[in-house]
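See structure below.
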Amino acid sequence: MNNDFLLRSALHANAAFSATTGLAMAALPNSVGSLIGLQNPFPLTIVGLGLIVYSAYLLVLARGGKLMVLSLIATFGDLAWTLGTVLLFAFAPGVFSIAGWGVAFLVAIIVSLFAALQLGGIRHHFLNRTSKTGDRYQICFAIPVSVPEDSIWKAVRDVGSIHRFAPSLLSSDVTAKTDHQCMTRTCTDIKNQRWTELIQIDEAQKQLTIRFETSDLDFPFPTTSMSGGWRVLQGSDASQTTVRVWWSFSLRQEWAASILLPLFELGLKLQMRVIVTNMETTIGPQQSSITPSKKSVIAIGGC
């Protein structure tokens, strides 16, 4: 089953419900107002039009939305509707009739169910289905580059120099080396947070794999286990070189997964765009159909 099936289904259903409710409010405000006991039907027209616009937003996400954080924002909107219904009842109980409150709470229950399904769908999107590390979640990116395969691989495998390309890092020191393919790196970021990584380099595959030492007492990330890697892939010509980057991890706050994971994905996407662009800039200009300023960082479902 596709990792996005649950989320897309929930968004489609939510869009259909929002559009139907919105059309009823906007087209028949007097009838709906009479049903729920609202004296002035004008607010129903405004809310109805808003719901129609919101349903279009949900439909766009359901059919092709890439950023999970946008689905999270939509879910927060659903939760805000439910909370708003409760607060309205608490502070202005006379605004609707008894039948009207019955309708309002029925709608709020349906909306909250959509929110719950969407949160479940967001979490399901990030479930790890490819790694053998046992980590629960995975985030992957495919990044097209405008330099030759060997050049970008040389920058990636220079593990002690990653801080030169990552503005969030102060240093990246190789602190131990078993051989030229196995080493330990200690990174320090601009917040003076420090962590250790065990790195293996596969020259044949042009792949670098990383295991983070999450057992360290000062490990700064909210994970109980974490690994990742880089791989440089060459297409049929030089303009099709791609860098794949991935992270696999389990969270300490499992209950917050649906909220944390989209934020992680957004933050990592922004970081990777900067890092890879900086690598290309350092390597130098090349003839390519891809320009760094328009670089696309594509989230992918498996690594």
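The values are calculated or read from the model by the stated rules, or taken from the named source; none is laboratory data. If you're wondering where the values come from, they're calculated on a predicted model, not measured in any experiment. Positions of Cβ are backbone-derived with ideal geometry, glycine not excepted, and every protein chain shown enters the neighbour counts. For accessibility, only protein heavy atoms count, side chains too; no ligands or nucleic acids. Shrake-Rupley method; radii C 1.70, N 1.55, O 1.52, S 1.80 Å.
Checking each residue in the stretch 1-18 for being over 18 Å from Gly102 (Cα atoms), of a type in the set (A, V, I, L, M, F, W, C) and open to solvent by 30 Å² or more (accessible area, probe 1.4 Å) picks out Met1, Phe5, Leu6, Ala13, Ala16. Screening Trp101 against (1) within 28 Å of Leu6 (Cα to Cα); (2) open to solvent by less than 60 Å² (accessible area, probe 1.4 Å) leaves a single unmet condition, (1).
Each row is one residue, and each column tells you yes or no for (1) among the polar types (S, T, N, Q); (2) in contact with a Leu (Cβ under 8 Å, 6 or more places away or on another chain).
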position: Thr20; (1), (2): yes, no
position: Thr45; (1), (2): yes, no
position: Leu49; (1), (2): no, no
position: Leu67; (1), (2): no, yes
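Here's the yes/no breakdown for (1) in contact with a Pro (Cβ under 6 Å, 6 or more places away or on another chain); (2) closer than 30 Å to Pro222 by Cα:
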| residue | (1), (2) |
| --- | --- |
| Ser34 | no, no |
| Leu72 | yes, yes |
| Pro93 | no, no |
| Gly102 | no, no |
| Leu113 | no, yes |
| Leu119 | no, yes |
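The strands (runs of 3 or more DSSP E) falling completely within the stretch 203-303 that include 3 or more residues that are open to solvent by 30 Å² or more (accessible area, probe 1.4 Å) and either at pLDDT 90 or above or more than 12 Å from Pro144 (Cα to Cα) (or both) map to 207-212, 223-233, 242-251.
Residues in the stretch 37-85 that are modelled with pLDDT under 95, among the β-branched types (Val, Ile, Thr) and either open to solvent by less than 30 Å² (accessible area, probe 1.4 Å) or farther than 30 Å from Ile298 by Cβ (or both): how many? Qualifying residue count for the region: 1.
Taking the criterion of being open to solvent by 40 Å² or more (accessible area, probe 1.4 Å) and among the aromatic types (Phe, Trp, Tyr), the only residue of the stretch 104-126 that qualifies is Phe105. Taking residues in the stretch 78-107 that are over 28 Å from Gln118 (Cβ atoms) and in contact (Cβ under 8 Å) with a residue 12 or more places away in the chain, and partners anywhere that are open to solvent by less than 50 Å² (accessible area, probe 1.4 Å) and in a helix (DSSP H, G or I), the pairs with Cβ atoms closer than 8 Å and at least 6 places apart or on different chains are Ser97/Ile36; Ala99/Ile36.
Just the residues that are of a type in the set (A, V, I, L, M, F, W, C) and free of Cβ contacts under 8 Å to residues at least 12 places away in the same chain, please, taken from the stretch 6-46.
Of all residues in the stretch 6-46, those of a type in the set (A, V, I, L, M, F, W, C) come to 6-7, 10-11, 13, 15-17, 19, 23-28, 32, 35-36, 38, 42, 44, 46.
Matches in the stretch 6-46: Leu28, Ile46.
Which of the residues belonging to the stretch 175-202 are open to solvent by 30 Å² or more (accessible area, probe 1.4 Å), assigned to a strand (DSSP E or B) and of a type in the set (D, E, K, R)? Lys177, Asp179, Arg194, Asp202 - these are the residues of the stretch 175-202 that are open to solvent by 30 Å² or more (accessible area, probe 1.4 Å), assigned to a strand (DSSP E or B) and of a type in the set (D, E, K, R). If you take the residues in the stretch 152-174 that are in contact (Cβ under 8 Å) with a residue 60 or more places away in the chain and open to solvent by less than 40 Å² (accessible area, probe 1.4 Å), which one is nearest to Leu263 (Cα to Cα)? This residue is Ala166.
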